[in-house]
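Written out below as C-alpha cells is the structure these notes cover.
The values are calculated or read from the model by the stated rules, or taken from the named source; none is laboratory data. As the structure is a computational prediction, the values presented were derived from the model and not from experiment. Reconstructed Cβ throughout: ideal geometry from the backbone, glycine too, with neighbour counts over all protein chains shown.
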Amino acid sequence: MRFFFPDSQDFVDDTFDFDSETRSDTRVRQRDDRYPHEIFSKPPYDGMLVSKAVVDGIGGGSGKYSVAQRQRFLRVGVREYFRLENRQVATMGDCGAFTYVKEERPPYSPSQVADFYEDCGFDYGLSVDHVILSYRADLDTRLDGLNLVPEDWRSRQDLTLELAEQFLEYCGRKQYRFIPIGVAQGWSPASYAHAVAELQRIGYKYIAFGGFVPLKTNDILACLKLASAVRSPTTEFHLLGITRCENVEAFSGFGVVSFDSTSPLRKAFKDDKNNYYTPKGAYTALRVPQIDANPELLRKITAGKVKQEIARDLEQCCLRILTKFDRGEASIEEAVETLCAYEEVFSGETDHAEVYRRVLADKPWKDCSCEICKRIGIHVMIFRGAERNRRRGFHNIYVFNRQLRAHLGRVSCQS
Ligand SMILES: [Zn+2]
C-alpha cells in the first residue's frame, strides 16, 4: 500500500528561530524552505500528488503558486521542482477536480492534461474527471432507484468516462511514458462498479476512485466490495483523498494499492483535539495564538474588552514558561495556569486545563524519534503560527507512515 502526499505548498522555513520568531532576511520561499521529504532522513511517504489546478492557480484556496513558481515548475519539471532527484518518491499528477466542481465542464482537455504530465515528467497521471458531490447507496436497492438518479450525476459520470477514453487514446498515440490512471466517479456502490467496468473496457489497468472525501469508511468499503467483484486480476486501485486514515489497511484486500491523504497534516491545526499523533493515540496541542493573527482577540482589543499589553504579556509568558518547562525549570501546574490565564483572555474559556495537564505530564515529544521533535522539542506541541503547526503536521505524517508500515507488515505476516 503506497501513501501519496498531496502538495499544497506545505513546507517550512529552515531559518525560522523559535525563540525570537524571526527568519533570515535572505530567505526565498520554496527555494530555501523544506518539504517533509527533506526534513526526515527517509521520505515519510511513497509519493507526492500534484494538481494541475493548484499549479495553474485555478480556484484560489491554499497552496497557490506564484507566477514565478509556476513558470519554474513548468520549466524544470516535477522532480527538480520538489527536489526529488535522489529520493525514492513517486510523482502522480491530477487535475484538481474539486477546484472546478461547480463548473459545468472541466476547464481542461485530455490532451492539455496529458501534455502537462509528460512535459513535467510525472510517473503517473490521472484522467480528467468531474466530481459527483453526492452519495446515495439506497438508489442501488430501491425499485425506482434508477429513475431517481439526477441527470447531473449521470452526465458527470458519462463525461468522466468519455474524457478518460480520449485521454488514454491520446497518451497511446503520443507514446507518453507516464502511467495513465482512469478516474471512477459515482454516487453509489453499483455506479462506481459500473465506472470501473467501463474504465477496464477502455483499457485502464490502474483506476482511482474520486469523490470519496466525504464518505464514511463503511460506504467506501461497500463501493470497493462491489467494484472488486468486477475488477480484473491485473487492475489496481487508488483512493483519492482519504480522510479517515486509520482504516486504510481494511481497503488493501480489495485491490487498493495506493491512496492519498492530507489528513495527518491537517489534523495538526484543523482538529479541535487530535493535533499530535503518537503510536498510542493523539494529543491536543497547547494553544498560544499570535495576537496579531487572531481576529477574535484583535476585535476584543479594538472594542476595549481586552488590554493589548495584558494579552501581550500573557502570550509571551506562555512561550517562556513552556520553554522553561521543557528544560525542567517549571512545573506542570505553573505552565497550565499560565496557558489557562491566556486562554481566558483570547477565547473567554478555560476548558483545556485537564488536557494540557495530560500533555505536559506525558511529554510525548520527548519519546518521538522524528527529526522535528528531536530538534525543536516542545515547540512542536504549541499551536501557533504555520512554522510550528506545519512541523507538527509533518511529525504526524511521519508517525502515520510508520504506523501504516507496521500495520501492513503485521497484515502480510498473518496472511
Ligand atoms: Zn516527532
Task: Selection from region 347-374 of residues that are within 11 Å of the ligand (Cβ to nearest atom), in a helix (DSSP H, G or I) and farther than 17 Å from VAL288 by Cβ - done: PRO364, LYS366, ASP367, GLU371, ILE372, CYS373, LYS374
Task: Among residues of region 46-81, those that are part of a loop (DSSP other than H, G, I, E, B) and in contact with a helix residue (DSSP H, G or I) (Cβ under 6 Å, 6 or more places away or on another chain), counted - done: 5
TODO: Would you check if there is a residue in region 385-401 being more than 16 Å from the ligand (Cβ to nearest atom), under 22 Å from the mean Cα position of the chain (by Cα) and surrounded by fewer than 22 Cβ atoms within 10 Å (Cβ to Cβ)?
DONE: yes
Task: Candidates GLU309, GLU333, filtered to the one that is part of a helix (DSSP H, G or I), in contact with a helix residue (DSSP H, G or I) (Cβ under 9 Å, 6 or more places away or on another chain) and either more than 16 Å from the ligand (Cβ to nearest atom) or of a type outside the set (Lys, Arg) (or both) - done: GLU333
TODO: Looking at (1) among the aliphatic types (A, V, I, L, M); (2) more than 22 Å from the chain's Cα centre (by Cα); (3) not in a helix (DSSP H, G or I), find the lone condition where ALA227 falls short.
DONE: (3)
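Quick grid of which residues meet (1) within 16 Å of the ligand (Cβ to nearest atom); (2) not in a helix (DSSP H, G or I):
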{"residue": "LYS324", "(1), (2)": "no, no"}
{"residue": "GLY328", "(1), (2)": "no, yes"}
{"residue": "VAL345", "(1), (2)": "no, no"}
{"residue": "ILE376", "(1), (2)": "yes, no"}
Task: Where a residue in region 367-380 is on the phi > 0 side of the Ramachandran plot and its partner, wherever it lies, is more than 6 Å from the ligand (Cβ to nearest atom), with Cβ under 7 Å and at least six apart - done: GLY377/ASP326; GLY377/TRP365
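Every residue, every condition in (1) assigned to a helix (DSSP H, G or I); (2) touching a residue at least 60 places away in the same chain (Cβ under 8 Å), yes or no:
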residue	(1), (2)
ARG83	no, no
ARG87	no, no
MET92	no, yes
LYS102	no, no
VAL113	yes, yes
GLY125	no, no
TYR135	no, yes
Task: Sole exception among (1) exposed (fewer than 12 other Cβ atoms within 10 Å of the Cβ); (2) touching a residue at least 60 places away in the same chain (Cβ under 8 Å); (3) more than 16 Å from the ligand (Cβ to nearest atom) for PRO279, by number - done: (3)
TODO: Kindly check whether there is at least one residue in region 81-92 that is hydroxyl-bearing (Ser, Thr, Tyr) and modelled with pLDDT of 95 or more.
DONE: yes
